[in-house]
Amino acid sequence: MAKRKIEVENFTSPSSVQSVDADKYEAMRAAYLKAVPPSEPGATPAEILSALKGDLPQDLFPGGATAGWWAECVQLDLEAKGVIRRGDRSPVRLRKA
């Protein structure tokens, strides 16, 4: 049986669309949105990754495997869709839109 796929966008490459595993994307998206703060100053991608690791299903991310790649994939997709926003200055800090 073929795995379900979902198309994701990329904030830094607006014309880029990729198909990824839907189960992993949806699990990471739920954990990511739980970890992203709603207001300024937001949180760095590393802080968000650290906060969300405990909310990932072990059958999809055993021991946090590949969580970094999936967190970045979800981050860029959520930014492209306007669900989360970057702050105006460095370092990158993210918050809910």
With the first residue restricted to the stretch 45-62 and required to be in contact (Cβ under 8 Å) with a residue 12 or more places away in the chain and open to solvent by less than 50 Å² (accessible area, probe 1.4 Å), and the second required to be in a helix (DSSP H, G or I) and of a type in the set (Phe, Trp, Tyr), Cβ contacts under 8 Å at 6 or more apart or on different chains are Ile48/Tyr32; Leu52/Tyr32; Phe61/Trp70
If you take the residues in the stretch 1-30 that are open to solvent by 80 Å² or more (accessible area, probe 1.4 Å) and among the aliphatic types (A, V, I, L, M), which one is farthest from Leu60 (Cα to Cα)?
Val17
Can we say Glu40 is in contact with a strand residue (DSSP E or B) (Cβ under 9 Å, 6 or more places away or on another chain) and either of a type in the set (Phe, Trp, Tyr) or at pLDDT below 95 (or both)?
yes
I'm trying to understand the selection: among the residues of the stretch 31-44, which are surrounded by 12 or more Cβ atoms within 10 Å (Cβ to Cβ) and under 15 Å from Arg93 (Cα atoms)?
Tyr32, Leu33, Ala35, Val36, Pro37, Gly42, Ala43, Thr44
Number of positions in the stretch 75-89 that are under 8 Å from the mean Cα position of the chain (by Cα) and either open to solvent by 80 Å² or more (accessible area, probe 1.4 Å) or under 14 Å from Thr44 (Cα atoms) (or both)
2
Quick one: would you say Lys96 is under 13 Å from the mean Cα position of the chain (by Cα), more than 26 Å from Ala2 (Cα to Cα) and open to solvent by 20 Å² or more (accessible area, probe 1.4 Å)?
yes
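The values are calculated or read from the model by the stated rules, or taken from the named source; none is laboratory data. Quick caveat, the model's predicted, so the values are computed rather than measured. All Cβ positions, even for glycine, are placed from backbone atoms using ideal geometry, and neighbour counts span all protein chains on display. For accessibility, only protein heavy atoms count, side chains too; no ligands or nucleic acids. Shrake-Rupley method; radii C 1.70, N 1.55, O 1.52, S 1.80 Å.
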